[in-house]
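These notes are about the structure you will find just below.
The values are calculated or read from the model by the stated rules, or taken from the named source; none is laboratory data. None of the values given here were measured: they were computed from a predicted structure. Counting neighbours? That spans all protein chains shown, and the Cβs are built from the backbone with ideal geometry, glycine included. We work out accessible area using only protein heavy atoms, side chains counted, and drop any ligands, DNA or RNA first. Shrake-Rupley method; radii C 1.70, N 1.55, O 1.52, S 1.80 Å.
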Amino acid sequence: MSDAEVAAFLEQERTLICATIGQDGFPHLMPLWYVMRAEEPWSWTFAKSQKVRNLERDPRATLQIETGVEYPELRGVMLKCDVTVHRDPERVAELGGELYRRYGPGEAGELDEDTRAMVLAQAPKRVALQFSVRSRATWDHRKLAGGVY
């Protein structure tokens, strides 16, 4: 995929799979909602989650965002990232608001008072994850010559 195709794809898709390295050396895979800030995915999660513990030991993650059901329509992006864990509740709440504007019911825009209150209540228990991309790999089976697979 071209840079423009990757940017459009990441704006369009809704869930990424985050792989961190567990204490036992095995990958730990978890789905996350995300928003794009410039060219970086950002997400939030509970501060006490296993993925955060893993990132405290090793601040690297591999992300996969994919779509498609049948082989000729599969496409996706894999991102190798350095991860910064942000703990400031104000910064976490700001990100939470972005996530709920993207994923919440209704039109994107301002949050209703109940949702805003929920985000503010959640922020002290959560962290913001900033994924700084080191490298990427992409695939788009729709581009395969002659549909051979």
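Conditions (1) touching a Pro at 6+ places or on another chain (Cβ under 8 Å); (2) closer than 28 Å to K143 by Cβ, marked per residue:
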{"residue": "M1", "(1), (2)": "no, yes"}
{"residue": "A4", "(1), (2)": "no, yes"}
{"residue": "Q12", "(1), (2)": "no, yes"}
{"residue": "T15", "(1), (2)": "yes, yes"}
{"residue": "D24", "(1), (2)": "no, no"}
{"residue": "Y34", "(1), (2)": "yes, yes"}
{"residue": "E39", "(1), (2)": "no, yes"}
{"residue": "W44", "(1), (2)": "no, no"}
{"residue": "A47", "(1), (2)": "no, no"}
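Can you list residue pairs whose Cβ atoms sit under 8 Å apart, with the first residue in segment 115-128 being in contact (Cβ under 8 Å) with a residue 60 or more places away in the chain and the second being among the aromatic types (F, W, Y) and surrounded by 15 or more Cβ atoms within 10 Å (Cβ to Cβ)? Count only pairs 6 or more apart in sequence or on different chains.
Pairs that qualify, where the first residue is in contact (Cβ under 8 Å) with a residue 60 or more places away in the chain and the partner is among the aromatic types (F, W, Y) and surrounded by 15 or more Cβ atoms within 10 Å (Cβ to Cβ), are R126/W44; V127/W44; A128/W42; A128/W44.
Here is a yes/no grid of residues against (1) modelled with pLDDT of 95 or more; (2) under 11 Å from the mean Cα position of the chain (by Cα); (3) open to solvent by 40 Å² or more (accessible area, probe 1.4 Å):
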site: F26; (1), (2), (3): yes, no, yes
site: K48; (1), (2), (3): yes, no, yes
site: K51; (1), (2), (3): yes, no, no
site: R57; (1), (2), (3): yes, no, yes
site: R91; (1), (2), (3): yes, no, yes
site: G97; (1), (2), (3): no, no, no
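Determine which single condition V77 fails, assuming it passes every other condition in (1) on the phi > 0 side of the Ramachandran plot; (2) in contact (Cβ under 8 Å) with a residue 40 or more places away in the chain.
The single condition V77 does not satisfy is (1).
Are any residues in segment 28-40 over 14 Å from V92 (Cα atoms), in contact (Cβ under 8 Å) with a residue 60 or more places away in the chain and open to solvent by less than 40 Å² (accessible area, probe 1.4 Å), and if so, which ones?
The answer is L32, and nothing else.
So which residues in segment 30-64 are of a type in the set (A, V, I, L, M), out of contact with any helix residue (DSSP H, G or I) (no Cβ under 9 Å at 6 or more places or on another chain) and not in a strand (DSSP E or B)?
Correct list: A38, V52, L55.
Tell me, yes or no, whether segment 65-86 has at least one residue that is open to solvent by less than 50 Å² (accessible area, probe 1.4 Å), more than 19 Å from T15 (Cβ to Cβ) and assigned to a strand (DSSP E or B).
Yes; the residues of segment 65-86 include at least one that is open to solvent by less than 50 Å² (accessible area, probe 1.4 Å), more than 19 Å from T15 (Cβ to Cβ) and assigned to a strand (DSSP E or B).
Could you say which residue among A108, A137 is surrounded by fewer than 15 Cβ atoms within 10 Å (Cβ to Cβ), out of contact with any Asp or Glu (no Cβ under 6 Å at 6 or more places or on another chain) and modelled with pLDDT under 95?
Every option except A108 fails the conditions.
Take the conditions in a helix (DSSP H, G or I) and open to solvent by 30 Å² or more (accessible area, probe 1.4 Å) and apply them to M118. Does it pass? Break it down into steps so the answer makes sense when it comes.
Values: in a helix (DSSP H, G or I): yes; open to solvent by 30 Å² or more (accessible area, probe 1.4 Å): yes.
Here the answer is yes, as M118 does meet what is asked.
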